Every structure is written in structure tokens, then in C-alpha cells.
Amino acid sequence: MSTPDSATGPAVDEPGPPSEDRLTSLSTTAARQLATTTKSEPQMQAISSRWLLRMLPWVDVKGGTYRVNRRLQLRVGRGRVQFEQNGADDIRVIPQTLTELPALRGYSDTEVLRELATRFRVREIRAGQVLVEAGQPVTEAFLVVHGRFTRFTEGKYGEEEIVGVVTDGAQMGDEAIGQPDPLWLSSVRAETAGVVLALPWSVVTEFTERVPSLAAHLEAYARRQSLPMNRKGEADVPVQAGHVGEPTINGGYVDYELAPREYELSLTQTVLRVHTRVADLYNNPMDQTEQQLRLTIEEIRERQEWELVNNREFGLLHNADHGQRVSTFTGPPTPDDMDELLAMRRKTKLFLAHPKAIAAFFRQCNRRGLVPGTASVEGHEIPAWRGVPIFPCNKIPVSPQHTSSIIALRTGEGDQGAIGLYQTGIPEE
């Protein structure tokens, strides 16, 4: 502020109070210009635990191709048909997917398949409606477009015994082909409102009478299914037991698949580009090329696990046999559903599930007052069910309708389980 030294004299400046904006020492912003910042390595949020890659046994494939030799399979596998929908009442089965039915597997006349697809009729089903009853003649075949259906029979004491659950893309009734006067072995009830496509057996009879190629194909299918086979559908080997005296022992042999499946090694590749100016001038304190390579390898490993789960040729989701798939009884995965999945195969080593599916399973356990156990794996405590660890895998997709899959795996060549394939000795490895 200014004050006059006399009534008429000049003004004299006096020091005022210190301003809050004025610094009394060097600021941290300025000091950082002379300091060295401690830096972290570049981080990546997409890195996951990748338990599938860690748990799979890996086999070195020197020839680049892995062949799976198997016994001759007489029972034809089942797949899922697909549909196209152009309205509530305009629903059609895609003709080419009709070959997913065991009786039509390998049939190649697309014109006949296209005409057969037009003969299916749309039928809406109410929740609680019984579609067919056990013991009744099979007069129609059904393709499930949408909905969840329960197959059940009457137990020994009159109670209801659930046989299985049928959902989207499944088929019912086609197993009666080649059987005289076939009957439904179980009743089918709709647990939710749904839509099915129905095909009367009279239409199938009409087609076989005027299409010789279809009649021959179905006859060959029925003849193949009548051959002796074991419970897994493999060609039977004549074995006698419990006999006395000196009966004649029938000879036989174990037949093999003549065209076994072969898996070719799949590649995950990229080209990493690093400018020489960057690598030469900005290489301290961290090696720029090394960091770029490290993050690229992490991305490749993430893609590797995604391919093992989702690849249409060899991915786990697309190669699970239809007979080894189960649907949940009520919606979210319950302990009963996990037991059903565990009972599908021997020596289950691990479960794979999306973290959201694991959380949904735990909620069902909480409602029943159950506490799942844990398993110690590589120093980690992993949640487990019946002693089988449940590993999280975010590569398993979750649909827009909030449905997902839980995979149960048997692993290792010795147990005829899942393995991973790789090759060593690649040039410049």
C-alpha cells in the first residue's frame, strides 16, 4: 500500500502481507525437470490367467498333423439344426443343416433336403403343455426352434423321473427311423413357452416312395444301426463269459475307422514393426523392442486360448459331441446341473466357465446353503465342485440373452482326453 510521508510529500511503498500465490521455494513441477522419473513397464489390461493353456498337456507334433485313431463307430452322431426366421409364423429350417440329424448324416441331394425343409410346420407350445406322452406311437418328428423341454418317464413307484432336457436346435422323434411301429420312450413337457417345427411321418414315407436315393440312404442307416455295438456305439467284439464245458468260441476283431480325424497345427501370426530411430534413441531405461515384443506375445497367447475355445475347426465348444451336452434344468447352473455334467464322462480333471457363470453357480449354492470346496493348483486356491477345480475362462462367450457354457474336460493322451499341440525346432525359434 502507499502512504504519504507528509501532507504534500511523495508516496512511500510499504510491504504488504505475503500473497498465497507467491512461492517461497522451488515448485515440484520445476523440480521434476531435473529429476529422473521411476517408470513401470507398459501394462496391459487384457491379460488373463489363461488357465486352459496351463492345464492342458502339450504334445510335440513333429509332422505338423496329429491323427486320432479310433474304433469303428456305428452309431451316427447328432448335431444341432439351424433356422431362419422372417416373422412370428415364417420360420424355416435351413435345408443344409438337416444333415445334422443322424438319419440324414452324409446325404448330399440338396434339392431333396430343400423340399423336405418346406414340409415342416410351425407349432407354438405353451408352458406346461405336454407335447408327447410315453407309450404313444411316434407320428411326428420335431425340431426345437426355441424353448426348454423336459423329457420324463414314470418311475418304479409312480413318481416322475427326469430323463433329460431338450433346447434350441435339438430334435425329437427321428430316432424312430427303421423301427417297426415305434413308440415314444418318454414324455415331453414344455417348461417354457416355445416353438417347434413338426414333420408328420407320412411325409417321410411319401418321400421315400418317390425318391430312391433317400430311401436307399435311410435303409443303409437303419441297417447300420442294427449291427451289434457296445454302449458307446462302437462295433462290438464277440466275447463270451460264464460258459461251462467246451463250447465253440466265436472269433472276432476290433475294427478301426478308415478315415480318422486329423488335426493340423494352427498358427497365430503377426508382424511387429519398430522404427530404428525409436530403438536407437529411446532405448533407455527400457528396451523398446523388448517391451513391444513382450506385449505382442501376451496378445498372441490370449488369442491362442480364444482359438482353443472358439475355433470352429478344433475349438472345444464346437467339437463337444451332442450326446455329451446337457442343458440346465431351470436356468442358472445349479449343483444338480454340475452333477449331471460331471456324470457325462470319466476322470473329469477340470471345469472351465466364464466368471459370470461361476458367480451364477455360487448364487445357487448360497440359496441351498452349500459352500463349494476348493482345490490347490500351482499354489492357488481354486473353487471346486466334487473335488474338480472350476477355472475361470473369459474366452467362453456370454450371449446377449445372458447364457453361457461350462466345459468339463478330461485331459491327457493316456486318458483319451483333450491335449494341446505344438512343434519345437521351428527355424529361428
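The values are calculated or read from the model by the stated rules, or taken from the named source; none is laboratory data. In this text the structure is predicted, and so the values were computed from the model without any measurement. Glycine also receives a Cβ, built like all others from the backbone with ideal geometry; neighbour counts cover every protein chain displayed.
Scanning the stretch 166-182 for residues that are more than 14 Å from HIS322 (Cα to Cα) and not aliphatic (A, V, I, L, M), we see that the one that is modelled with the lowest pLDDT is GLY178.
What's the total number of residues in the stretch 317-340 that are aliphatic (A, V, I, L, M) and assigned to a helix (DSSP H, G or I)? Reasoning before the result, please.
Going residue by residue through the stretch 317-340, those that are aliphatic (A, V, I, L, M) are 317, 320, 326, 338.
Remaining after also requiring assigned to a helix (DSSP H, G or I): 317, 338.
Summing the residues that are aliphatic (A, V, I, L, M) and assigned to a helix (DSSP H, G or I) in the stretch 317-340 gives 2.
ALA190: touching a Ser or Thr at 6+ places or on another chain (Cβ under 9 Å) and without any contact (Cβ under 8 Å) to a residue 40 or more places away in the chain, yes or no? Judged against the criteria, ALA190 is not a match. Counting only helices (runs of 4 or more DSSP H) that sit wholly inside the stretch 191-285, those with at least 3 residues that are within 37 Å of the chain's Cα centre (by Cα) and surrounded by 10 or more Cβ atoms within 10 Å (Cβ to Cβ) are 201-210, 212-225. Checking each residue of the stretch 289-297 against the condition of being of a type in the set (Asp, Glu) and at pLDDT below 90 gives no match.
Does the stretch 341-364 hold any residues that are part of a helix (DSSP H, G or I) and surrounded by fewer than 18 Cβ atoms within 10 Å (Cβ to Cβ), and which are they? So that I can check it myself, show each step before the final result.
Filtering the stretch 341-364 down to residues part of a helix (DSSP H, G or I) leaves 341-342, 355-364.
Across the stretch 341-364, the qualifying residues are LEU342, PRO355, LYS356, ALA359, PHE362, ARG363.
The set of residues from the stretch 347-376 being more than 18 Å from ASP337 (Cβ to Cβ) and in contact (Cβ under 8 Å) with a residue 24 or more places away in the chain comprises LYS347, LYS349. Within the stretch 303-328, restricting attention to residues that are out of contact with any Leu (no Cβ under 7 Å at 6 or more places or on another chain) and farther than 23 Å from VAL81 by Cβ, the residue that is surrounded by the most Cβ atoms within 10 Å (Cβ to Cβ) is TRP306. The set of residues from the stretch 176-188 being on the phi < 0 side of the Ramachandran plot and surrounded by fewer than 18 Cβ atoms within 10 Å (Cβ to Cβ) comprises GLN179, PRO180, PRO182, LEU183, LEU185. Just one residue in the set VAL371, VAL377, VAL326, VAL398 is of a type outside the set (Lys, Arg) and in contact with a Ser or Thr (Cβ under 8 Å, 6 or more places away or on another chain); that residue is VAL398. ARG78 satisfies every condition listed in (1) farther than 27 Å from THR167 by Cβ; (2) surrounded by 15 or more Cβ atoms within 10 Å (Cβ to Cβ) except (1). I'd like to check something: does the stretch 379-392 contain any residue that is under 30 Å from VAL81 (Cβ atoms), surrounded by fewer than 19 Cβ atoms within 10 Å (Cβ to Cβ) and touching a strand residue (DSSP E or B) at 6+ places or on another chain (Cβ under 8 Å)? Scanning the stretch 379-392 turns up no residue that is under 30 Å from VAL81 (Cβ atoms), surrounded by fewer than 19 Cβ atoms within 10 Å (Cβ to Cβ) and touching a strand residue (DSSP E or B) at 6+ places or on another chain (Cβ under 8 Å).
For the stretch 158-194, filtering for residues that are more than 21 Å from LEU104 (Cβ to Cβ) and touching a helix residue (DSSP H, G or I) at 6+ places or on another chain (Cβ under 6 Å) leaves 0. Taking every residue in the stretch 126-144 that is polar (S, T, N, Q) and pairing it with any residue that is at pLDDT 90 or above, at least 6 positions away or on another chain, the pairs with Cβ-Cβ distances below 6 Å are GLN129/ALA190; GLN136/TRP184.
Rundown of residues vs (1) touching a residue at least 12 places away in the same chain (Cβ under 8 Å); (2) out of contact with any His (no Cβ under 8 Å at 6 or more places or on another chain); (3) surrounded by 12 or more Cβ atoms within 10 Å (Cβ to Cβ), yes/no style:
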{"site": "ARG32", "(1), (2), (3)": "no, yes, no"}
{"site": "ALA46", "(1), (2), (3)": "yes, yes, no"}
{"site": "VAL61", "(1), (2), (3)": "yes, yes, yes"}
{"site": "THR99", "(1), (2), (3)": "yes, yes, yes"}
{"site": "PRO102", "(1), (2), (3)": "yes, yes, yes"}
{"site": "ALA117", "(1), (2), (3)": "yes, yes, yes"}
{"site": "ARG123", "(1), (2), (3)": "yes, yes, yes"}
